[in-house]
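Take a look at the structure set out below.
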Amino acid sequence: MKTRGFEIISMYRTAGIHLPERKTGASTGYDFAAAEMVEIVSGECALVPTGVKAYMQPDEVLLIYIRSSTALRKRLMLMNSVGVIDADYYGNAENEGHIYIPLYNYGKGTVQIAAGGRIAQGIFTRYLTGDGDS
């Protein structure tokens, strides 16, 4: 039985996508990379495809954060501050649960994100629900 992890969505199976991974044994987050080249004009936002989906237990969530080097060097930020990928997003009928990273360019020039460029990190965690919540 699978507990939690990542899979490549069918549309990108032959595109050479790498699954998110932790770079060291002490790394908390799994690094997400862009599945294709994306340009983001100053003051604009873009959804950057990753080509992957995440599976996890029903009481877990995958939280997506910007990589600090992406924010500092490229002047990019997540549009929603923290991305929330729910367990039931996996296998979504509309897009298989494809994880996109919504980035906003707050810098002065256009930023190009190369295919394979690491842009965000994901952290799996459990969450609690309130009394009477079904």
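The values are calculated or read from the model by the stated rules, or taken from the named source; none is laboratory data. Keep in mind the model is a prediction, meaning the values are calculated, not measured. Neighbour counts run over all protein chains shown; Cβ positions are idealised from the backbone, glycine included. Just the protein is used for accessible areas: all its heavy atoms, side chains included, with ligands, DNA and RNA removed. Shrake-Rupley method; radii C 1.70, N 1.55, O 1.52, S 1.80 Å.
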Practice item. Residues being touching a residue at least 24 places away in the same chain (Cβ under 8 Å) and either at positive phi or open to solvent by less than 50 Å² (accessible area, probe 1.4 Å) (or both): count how many of those fall in region 118-134. Key: 5
Check your understanding: How many of the residues in region 59-70 are in contact (Cβ under 8 Å) with a residue 60 or more places away in the chain and open to solvent by 20 Å² or more (accessible area, probe 1.4 Å)?
Key -> 2
Practice item. Please enumerate the residues belonging to region 79-117 that are within 10 Å of the chain's Cα centre (by Cα) and surrounded by 13 or more Cβ atoms within 10 Å (Cβ to Cβ). Key: 83, 85, 98, 99, 100, 101, 102
**Study point:** Residue within region 67-75 that is within 15 Å of the chain's Cα centre (by Cα) and part of a loop (DSSP other than H, G, I, E, B) present
**Key:** yes
**Study point:** Number of the condition not met by residue 31 [criteria: (1) open to solvent by less than 40 Å² (accessible area, probe 1.4 Å); (2) under 24 Å from residue 4 (Cα atoms); (3) in contact with a Leu (Cβ under 8 Å, 6 or more places away or on another chain)]
**Key:** (3)
